[in-house]
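Visitor: What follows is a structure written as structure tokens; I'll ask about it next.
The values are calculated or read from the model by the stated rules, or taken from the named source; none is laboratory data. None of the values given here were measured: they were computed from a predicted structure. Glycine also receives a Cβ, built like all others from the backbone with ideal geometry; neighbour counts cover every protein chain displayed. All accessible areas refer to the heavy atoms of the entire protein, side chains included, with ligands and DNA or RNA removed. Shrake-Rupley method; radii C 1.70, N 1.55, O 1.52, S 1.80 Å.
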Amino acid sequence: MIKISPSILSADFANLGQEARDMDAAGVEMLHIDVMDGHFVPNISYGAPVYKMIRKDFSRIFDVHLMISEPLKYVEDFANAGADMITFHVECDSDIQATIDKIKACGKQVGLVLKPKTPASALKPYLDQLDMVLVMTVEPGFGGQSFMYDMMPKVKEIREMITATGKDIDLEVDGGVNAETAKICVENGANVLVAGSYLFKQKGKYAEAVATLR
Ligand code: DX5
Ligand code: ZN
């Protein structure tokens, strides 16, 4: 089954609660929450206190994508703010195994993210402990960038690695996903689609936009 995770980075920040309720009503499985620290990526977005405020406005999974240098330091804050899935970058400065252990100890699902230049092999030591793998299809930091088609062999390779584990691990793609590129992602093995600008620019018709993507 394809799961849709709208990225609120492209939502109207002045009406975040309403945006979350509208996406909830559109039937999406997850809400994608991009946390950026201005250090791991050049941009600063928002932190745990912001998405905590909209926890009541969305009934399903909070899919928190941490683009921060030291995720381990903040795992408890992100967990307590209402994250269900915490996904962090394999390129970060924290100890990867310790961060996975901490997220699990908080009772949350855990995912690892790969930037475009990071090979699939970086996942190997951790793959069977994960609930999700996220492959970036743009350089992380900003919404509205163009989809990197050359990430598809990596998506395919990771789907094969997941199949070999025999486990039910989600494979998510993030960046430049629209009705055309979504299809290519799914053909290569992705089953969770993040979409920011594509969905949130279709104000007033989120249900139709989600249906088209699906
Ligand atoms: C980029 C973020 C994405 C971003 C996607 O660093 O991780 O989640 O919001 O935005 P679109 O779908 O507009 O490329
Ligand atoms: Zn993201």
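Visitor: Among the residues in segment 121-133, are any small (Gly, Ala, Ser), more than 13 Å from ligand 1 (Cβ to nearest atom), modelled with pLDDT of 95 or more and in contact with a strand residue (DSSP E or B) (Cβ under 9 Å, 6 or more places away or on another chain)?
Guide: yes
Visitor: List the residue pairs whose Cβ atoms are under 9 Å apart, where the first residue sits in segment 54-78 and is within 20 Å of Pro42 (Cβ to Cβ), the second is surrounded by fewer than 15 Cβ atoms within 10 Å (Cβ to Cβ), and the two are 6 or more positions apart or on different chains.
Guide: Listed by first residue and then by second, the contacts come to Ile68/His39; Ser69/His39; Ser69/Asp93; Glu70/His39; Glu70/Asp93; Pro71/Asp93.
Visitor: Let me ask something else about it. Here is a check on your reading of the model: is His39 assigned to a strand (DSSP E or B) and at pLDDT 95 or above?
Guide: In short, no.
Visitor: Still on this model: Across segment 141-152, which residue is farthest from Glu187 (Cα to Cα) among those that are open to solvent by 10 Å² or more (accessible area, probe 1.4 Å) and not in a helix (DSSP H, G or I)?
Guide: Phe142
Visitor: Could you please let me know if Asp128 is part of a loop (DSSP other than H, G, I, E, B) and more than 16 Å from ligand 2 (Cβ to nearest atom)?
Guide: No, not satisfied.
Visitor: Okay, moving on. Please go through segment 156-190 and pick out each residue that is within 16 Å of ligand 2 (Cβ to nearest atom), open to solvent by 10 Å² or more (accessible area, probe 1.4 Å) and in contact (Cβ under 8 Å) with a residue 60 or more places away in the chain.
Guide: Residues satisfying the conditions are Asp170, Asp174.
Visitor: One residue is enough: does segment 71-89 have a residue meeting the conditions closer than 23 Å to Ile158 by Cβ, among the polar types (S, T, N, Q) and buried (at least 19 other Cβ atoms within 10 Å of the Cβ)?
Guide: Within segment 71-89, one or more residues are closer than 23 Å to Ile158 by Cβ, among the polar types (S, T, N, Q) and buried (at least 19 other Cβ atoms within 10 Å of the Cβ).
Visitor: Which is aliphatic (A, V, I, L, M), within 18 Å of the chain's Cα centre (by Cα) and assigned to a loop (DSSP other than H, G, I, E, B), of Val133, Val138, Val155, Val113?
Guide: Testing whether each residue is aliphatic (A, V, I, L, M), within 18 Å of the chain's Cα centre (by Cα) and assigned to a loop (DSSP other than H, G, I, E, B) leaves just Val138.
Visitor: So which pairs qualify, if the first residue must be in segment 12-41 and under 19 Å from Ile68 (Cβ atoms) and open to solvent by 60 Å² or more (accessible area, probe 1.4 Å), the second must be of a type in the set (A, V, I, L, M, F, W, C) and within 14 Å of ligand 1 (Cβ to nearest atom), the Cβ gap must be under 9 Å, and the two must be at least 6 apart or on different chains?
Guide: Short answer, once both residue conditions are applied: His39/Ile68.
Visitor: Still on this structure: Going by the conditions given, is Val177 under 14 Å from Val135 (Cα atoms), assigned to a strand (DSSP E or B) and within 13 Å of ligand 1 (Cβ to nearest atom)?
Guide: Considered against the rule, which asks whether it is under 14 Å from Val135 (Cα atoms), assigned to a strand (DSSP E or B) and within 13 Å of ligand 1 (Cβ to nearest atom), Val177 comes out as no.
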